[in-house]
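Worksheet for the structure shown next.
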Amino acid sequence: MTDNSAAAAPRAMRINIGIIGCRNAGKSSLINALCGQEVAIVSPQAGTTTDAVAKPYELLPLGPVTFFDTAGLDDEGELGQQRIKATRRVLAKADLALLTVGAQGLLLADKTYVAELKELNIPFAVVFNKTDLAKPTQADLDWLAKQNVPFVCASAAKNINIDQVKQMLVSLAPTELKADPLLAGDLFAKGDIVVLVVPIDFSAPKGRLILPQVQVLREILDRGARGVIAKETELAAMLNDLKRQPALVITDSQAIKKVAAIVPPEIPLTTFSILFARAKGDLNTLCAGAKAIDNLRDGSRVLIAEACSHHVLSDDIGKVKIPNWLRQYTGKDLRFEFCQGSDFPEDLEQFSLVVHCGACMLNRTEMVHRLNECTRRGVPMANYGVVISKTQGILDRVLSPFKLK
Ligand code: SF4
């Protein structure tokens, strides 16, 4: 059975919408009204959880979105501060935001968050949510006009103007959010052959392909090209069997050295990680970050950041292989530290280099936010694909299919 529900869309492909506002602004009711649900969204332990509650929804024509219900911006006490921290984590990955305002009108905390949302460059609007009880004051409307912030007057409780709130979200979304994400589709044409190389070793998940491989395969099908797939051990025979030269070969980064030795130099070759570095962040910046590898010294601290957690294997890519390749390449005694999931350290300045995973489970906004944080603090960031290819001496080759600055 095909599951077309919004919940079935991979997390990284959904548009994240942060619903923020003070306590009693009616944020949960607004999400329920937007999703057309009567049931209140509650955390498993109401009032004690510090994590934002996520609600997937299909918001046409944008597609699958996730609404994040957050703690009140004016929350108090130690737990309140933790909840506000969780709200800030939501903002770090929010593509869009709605600042929900209750019957009391704009409060100081709302105005502070207007400034913060602007600084974070998140498109947002204000929703006056309880206009059945109190209309917004002229002073509030004048203040928003001065700040150039759009607003909607609505009531989640009475289901007033909820469609206008949805239309506002659609109009706030930047063009790149409305367009289909592009991984490799500009590197081949209709009818071309694209070869995917997928090693099946004991670290490959049982019985399935991983998300980057599935997404690239889908893009090949969408564009009317022909995808062929093989393990690196079958690649030479497979290329030999093809009657036409492939337009592109895409390999798992870990097999790049073997694959580069097999694929003739005239056939464009890249890696899944490089494709994701381009789609999720900024390939130019990540490549510039990789140059910092040449400046590492004995004792340099390197942060390995993975966007999700998994069971660590004996030759784990992040914990074992990349540290070993970096030590071998630099000949230096490097110090490695690791973070996983939504943890990303604030004191980034202590690191000489951040090496990020392919970020297939993050949306672009969250990855760009991490990249910007590193840039702002003067810390170079590269990703797995770029680092692996550089330490194997094949970076120029895997970048050659792209027009880089
Ligand atoms: S660690 Fe990174 S690259 Fe690996 S599956 Fe998670 S998000 Fe994707």
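The values are calculated or read from the model by the stated rules, or taken from the named source; none is laboratory data. These figures come from a predicted structure and were not determined experimentally. When we count neighbours, we look across all protein chains shown, and the Cβ atoms used for this are built from the backbone with ideal geometry, even at glycine. Protein only, heavy atoms only, side chains kept; ligands, DNA and RNA dropped before computing areas. Shrake-Rupley method; radii C 1.70, N 1.55, O 1.52, S 1.80 Å.
With respect to the numbered conditions (1) under 27 Å from residue 89 (Cα atoms); (2) open to solvent by less than 50 Å² (accessible area, probe 1.4 Å), which one is the sole condition not fulfilled by residue 337? It is condition (2) that residue 337 fails. Residues that are charged (D, E, K, R) and closer than 22 Å to residue 365 by Cβ: does the range 122-132 have at least one? Among the residues of the range 122-132, not one is charged (D, E, K, R) and closer than 22 Å to residue 365 by Cβ, which makes the answer no.
In the set (1) away from the ligand (no atom under 11 Å from the Cβ); (2) free of Cβ contacts under 8 Å to residues at least 60 places away in the same chain; (3) open to solvent by 50 Å² or more (accessible area, probe 1.4 Å); (4) not acidic (Asp, Glu), the condition left unmet by residue 323 is number (3).
Before we move on, is residue 267 away from the ligand (no atom under 12 Å from the Cβ) and either of a type in the set (Ser, Thr, Tyr) or in a helix (DSSP H, G or I) (or both)? Here the answer is no, as residue 267 does not meet what is asked.
Comparison of 336, 276 shows that the only residue that is aromatic (Phe, Trp, Tyr), within 14 Å of the ligand (Cβ to nearest atom) and either at pLDDT 95 or above or in a helix (DSSP H, G or I) (or both) is 276.
Remark: residue 258 falls outside the filter, which requires a residue to be part of a helix (DSSP H, G or I), closer than 24 Å to residue 348 by Cα and open to solvent by 30 Å² or more (accessible area, probe 1.4 Å). Could you please find all residues in the range 261-277 being among the small types (Gly, Ala, Ser) and either closer than 10 Å to residue 249 by Cα or open to solvent by 10 Å² or more (accessible area, probe 1.4 Å) (or both)? Within the range 261-277, 261, 273 meet the criteria. Only one of the numbered conditions (1) at pLDDT 90 or above; (2) more than 20 Å from residue 150 (Cβ to Cβ); (3) of a type in the set (A, V, I, L, M) is violated by residue 17, and that is (2). Residues in the range 43-64 that are modelled with pLDDT of 80 or more, open to solvent by less than 50 Å² (accessible area, probe 1.4 Å) and assigned to a loop (DSSP other than H, G, I, E, B): 62 only. Among the criteria (1) more than 28 Å from residue 15 (Cβ to Cβ); (2) buried (at least 22 other Cβ atoms within 10 Å of the Cβ); (3) of a type outside the set (Asp, Glu), the one residue 289 does not fulfil is (1). Taking the range 280-313 as the range and being in contact with a helix residue (DSSP H, G or I) (Cβ under 7 Å, 6 or more places away or on another chain) and more than 12 Å from the ligand (Cβ to nearest atom) as the test, the residues that pass are 281, 282, 283, 285, 286, 287, 290, 293, 296, 301, 302. Every condition in (1) part of a loop (DSSP other than H, G, I, E, B); (2) free of Cβ contacts under 8 Å to residues at least 12 places away in the same chain; (3) more than 15 Å from the ligand (Cβ to nearest atom) is met by residue 209 except one, and the failing one is (3). When you look at residue 107, is it assigned by TED's automatic domain parsing to the domain that holds residue 171 and open to solvent by less than 60 Å² (accessible area, probe 1.4 Å), yes or no? Here the answer is yes, as residue 107 does meet what is asked.
Regarding residue 132, is this residue outside any loop (DSSP other than H, G, I, E, B) and outside the structural domain of residue 365 (by TED's automatic domain parsing)? No; evaluated as a whole, the condition is false for this residue.
Residue-by-condition table, conditions (1) crowded, with 24+ Cβ neighbours inside 10 Å; (2) within 17 Å of the chain's Cα centre (by Cα); (3) at pLDDT below 90; (4) within 25 Å of residue 268 (Cα to Cα):
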| residue | (1), (2), (3), (4) |
| --- | --- |
| 354 | yes, yes, no, no |
| 364 | no, yes, yes, no |
| 380 | no, no, no, no |
| 387 | yes, no, no, yes |
| 392 | no, no, no, yes |
| 399 | no, no, no, yes |
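Looking at the range 341-357, can you tell me whether even one residue there is within 26 Å of residue 250 (Cα to Cα), in contact with a Gly (Cβ under 7 Å, 6 or more places away or on another chain) and in a loop (DSSP other than H, G, I, E, B)? Checked the range 341-357: at least one residue is within 26 Å of residue 250 (Cα to Cα), in contact with a Gly (Cβ under 7 Å, 6 or more places away or on another chain) and in a loop (DSSP other than H, G, I, E, B). Being buried (at least 16 other Cβ atoms within 10 Å of the Cβ) and under 30 Å from residue 132 (Cα atoms), is that true of even one residue in the range 171-194? Looking through the range 171-194, at least one residue is buried (at least 16 other Cβ atoms within 10 Å of the Cβ) and under 30 Å from residue 132 (Cα atoms).
Restricting attention to the range 357-405, report how many residues are within 16 Å of the ligand (Cβ to nearest atom) and either assigned by TED's automatic domain parsing to the domain that holds residue 255 or hydroxyl-bearing (Ser, Thr, Tyr) (or both). Residues in the range 357-405 being within 16 Å of the ligand (Cβ to nearest atom) and either assigned by TED's automatic domain parsing to the domain that holds residue 255 or hydroxyl-bearing (Ser, Thr, Tyr) (or both): 3 in total.
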